[in-house]
Amino acid sequence: MIRDSDWNRRYGRPRRRRRGCFPRFLATVVVLAAVVGFFWWQQNGLSSETISVPSAPDGFAGYRIAVISDLHGKEFGEGNEKLLDYVRDLEPDCIAVVGDLLHEEAQLAMVPAVARGLAAVAPTYYVTGNHEWAAGVAPQLEELLETYGVHVLSNEYVMLEQGGDRIALLGAEDANGYADQPTVADLAQEVRAREGAVYTILLSHRNNHYEQYAAAGIDLTLAGHAHGGLIRLPGTDGLIGPKRELLPDYTAGLYDLDHGQMAVSRGLGNQFPCFRLFNRPDVPLIILE
């Protein structure tokens, strides 16, 4: 056995001691845990973007709308308790649920807790997305939501009144719905015929139908559908669109249209095998000014 002193005399430098495998193993575990934790946070860490919308009637200045989109049956805690607490902390005056609450029949079981919880926070309004119709459960889901206190807007509208002003809140069934259903333009025309010139807010699932919303003269559309483009990198509006197209547009935030504006939620859930990256689950808070 060569001692360190003999090694130093022979080679003129200290002998390098071998380090065990444990430090490398520990470093690898720490890195993997950080990656897994970050990925989990991206799928489950709730976030909210505040979107200020000008030009609303003066009586509604400061009116707050929380937007729930594309939950896809996902549960944030038992009975979606974490989601409900998060929405409650936003202190909304009303809640807009703009479709894709679920994508398969088995997920109907989670609806009562969500519907009852949201309705207890603020008046809640719902329109269908493409997945409810694709799953064949849209009529059943709408009935269930109504039972637990959510107002379903099936190609109809309600009038909101505050501070001496009025807003027409319209709800459009998704294009996957009935073949002979009225268009957004038909619905907007009905509002004007009955209510006159009034500020309009449309709940409609699809972000990519923005040309229809502008042509109908809608002042503000609340939409989802695009899941924020799934993977959001600097300089992009997301990498993957609803039809698996690359570099989609109009996927998150507020957009000016030829007429009016559209606020788009990045949504809350996904349908396997989709995942989120730099795009945490989103509950936008719309504040009218």
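The values are calculated or read from the model by the stated rules, or taken from the named source; none is laboratory data. These figures come from a predicted structure and were not determined experimentally. Every residue, glycine as well, gets a Cβ built from its backbone with ideal geometry; the counts of neighbours run over all protein chains shown. We work out accessible area using only protein heavy atoms, side chains counted, and drop any ligands, DNA or RNA first. Shrake-Rupley method; radii C 1.70, N 1.55, O 1.52, S 1.80 Å.
How many angstrom lie between the C-alpha centres of region 250-289 and region 57-101?
13 Å
What's the local net charge at Phe60, with K and R +1, D and E -1, over the other residues with C-beta under 13 Å away?
-4
If you add up the charges near Tyr199, with Lys and Arg at +1 and Asp and Glu at -1, over every other residue whose beta carbon is less than 13 angstrom from its beta carbon, what do you get?
With Lys, Arg at +1 and Asp, Glu at -1, the neighbours total -4.
For region 182-289, what is the convex hull (Cα atoms) projected area averaged across all directions, in square nanometres?
That works out to 7.7 nm², a quarter of the Cα hull's surface.
With a ≥ b ≥ c the root eigenvalues of the C-alpha gyration tensor of region 50-184, is it rounded (a/c under 1.5), prolate (a/b larger than b/c) or oblate?
Working: a/c = 2.11, a/b = 1.24, b/c = 1.69.
Oblate, since a/c reaches 1.5 and b/c is not below a/b.
Would you mind getting the accessible area per residue of the chain, heavy atoms of the protein chains only, 1.4 Å probe, in Å²?
Counting only protein heavy atoms, the per-residue value for the chain is 51 Å².
Would you compute, from DSSP H runs of 4+ residues alone, the mean residue ellipticity of the chain at 222 nm, taking -39500 (n - 2.57) per run and dividing by the full residue count, rounded to the nearest 500?
Value at 222 nm, helices only, nearest 500: -8500 deg cm²/dmol.
Quick one: grab the alpha carbon gyration tensor of region 74-131, order the square roots of its eigenvalues as a ≥ b ≥ c, and give me rounded if a/c is under 1.5, else prolate or oblate depending on whether a/b is larger than b/c.
Note, shape of region 74-131 comes out oblate.
What part of the accessible area of region 124-256, given as a whole %, is carbon or sulfur when the probe is 1.4 angstrom?
Exposed carbon and sulfur together represent 48 percent of the surface.
Looking at the square roots a ≥ b ≥ c of the eigenvalues of the Cα gyration tensor of region 116-191, which shape do they give, rounded for a/c under 1.5, prolate if a/b is larger than b/c, or oblate?
Since a/c reaches 1.5 but b/c is at least a/b, the shape of region 116-191 is classed as oblate.
Which value, in debye to the nearest 20, describes the size of the charge dipole of region 63-111 about its Cα centre when Lys and Arg Cβ atoms bear +1, Asp and Glu Cβ atoms bear -1, and nothing else is charged?
Computed charge dipole of region 63-111: roughly 140 debye.
Using only the Cα atoms of the chain, what semi-axes does the equivalent ellipsoid have when each is the square root of 5 times a gyration tensor eigenvalue? Give whole Å, largest first.
Square roots of five times the eigenvalues give 49, 20, 18 Å.
Mind giving me the nanometre distance, one decimal, between the label points for Glu190 and Asp58, set 7 Å out from Cα along Cα→Cβ?
Label at Glu190, label at Asp58, 3.2 nm between them.
Going out from 0 in 10 Å bins, what whole percent of all Cα-Cα distances in region 147-213 drops into each bin?
The percentages, shortest bin first, are 19, 51, 27, 4.
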